[in-house]
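Encoded as C-alpha cells, the structure appears first; notes follow it.
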Amino acid sequence: MIDEKLASLNIILPSPPKPAGSYVPVVITGKLAFVSGQIPIKDGKVAFLGKVPRDISVEDAQKAAKLCIINALAHLKNELGGLDRISKIVRVSGFVNSTPEFIDQSKVINAASDLIYEIFGSKGQHSRIAIGVSSLPMNSCVEIDIITEIEKS
C-alpha cells in the first residue's frame, strides 16, 4: 500500500545512506522505531549544504527536508522489510542550519511534515519540533529524525 503511494508520488526510495558515525540508523524497542538523524544525502554526498537563508534558499532547504524523510523511509523499509508495518508517525524533529536572524525553520520542516502526510494520510499526523541550529554535520542545511509506531511482523 505505501509502496503504491510512493510510486504515485514518483518517489523511489534509494539504498539507505550509510551512517556517518558510531550509531545504528534504526532502533526498535517495543512498538516504536527510532530513526537516527538523517541529512539530505543523495548519491553518497550531502546534496544541500550551508546555512539557510545565507547559503541556501528556503525552497532548496525544503527539498532537503523531503530528502531527509525519503532517506529515513529507506532505512525503515530496510529494517522492517516494508513500510506497511508503520501504523503511525509519532514525532518528527527537524534541525535547520540557519543564520541567527532566520526565524522560519517551521517553513522548512513543513515540507517534511507535508510529505509524510501525503504518503501516510492520517497515520502521518505527528507531533513535531523545528529548531534553528548554528551548524550540522557535514555542513548539511537540515537534519531530521523520526519516531514511528510499528505493528509486529
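Of the residues that sit in region 14-49 and are in a loop (DSSP other than H, G, I, E, B) and surrounded by 18 or more Cβ atoms within 10 Å (Cβ to Cβ), which one is modelled with the lowest pLDDT? Show your work before the answer.
If we filter region 14-49 for residues that are in a loop (DSSP other than H, G, I, E, B), which is where we start, we get 14-25, 30-31, 39-40, 43-44, 47-48.
Filter once more, keeping what is surrounded by 18 or more Cβ atoms within 10 Å (Cβ to Cβ): 16-17, 25, 39-40, 48.
Details: 16: 97, 17: 94, 25: 98, 39: 98, 40: 99, 48: 99.
Only one residue fits best here, namely 17.
Can we say residue 65 is closer than 16 Å to residue 130 by Cα, touching a strand residue (DSSP E or B) at 6+ places or on another chain (Cβ under 6 Å) and either of a type in the set (Asp, Glu) or not in a strand (DSSP E or B) (or both)?
Values: closer than 16 Å to residue 130 by Cα: yes; touching a strand residue (DSSP E or B) at 6+ places or on another chain (Cβ under 6 Å): yes; either of a type in the set (Asp, Glu) or not in a strand (DSSP E or B) (or both): yes.
Criteria met by residue 65.
Taking only region 1-27 into account, find how many residues are β-branched (Val, Ile, Thr) and touching a residue at least 40 places away in the same chain (Cβ under 8 Å). Walk me through how you get there before you give the answer.
Step one: list which residues in region 1-27 are β-branched (Val, Ile, Thr), which gives 2, 11-12, 24, 26-27.
From what's left, touching a residue at least 40 places away in the same chain (Cβ under 8 Å): 2, 11, 26.
Result for region 1-27: 3.
Taking residue 87 as the residue in question, decide whether it is assigned to a loop (DSSP other than H, G, I, E, B) and either in contact with a helix residue (DSSP H, G or I) (Cβ under 8 Å, 6 or more places away or on another chain) or at pLDDT below 95 (or both).
So residue 87 fails the test.
Working carefully through the options 119, 56, 144, find the one that is of a type in the set (A, V, I, L, M), assigned to a strand (DSSP E or B) and buried (at least 17 other Cβ atoms within 10 Å of the Cβ).
Among 119, 56, 144, only 144 is of a type in the set (A, V, I, L, M), assigned to a strand (DSSP E or B) and buried (at least 17 other Cβ atoms within 10 Å of the Cβ).
The values are calculated or read from the model by the stated rules, or taken from the named source; none is laboratory data. Since we're looking at a predicted model, the values are computed, not measured. All Cβ positions, glycine included, derive from the backbone under ideal geometry; neighbour counts span all protein chains shown.
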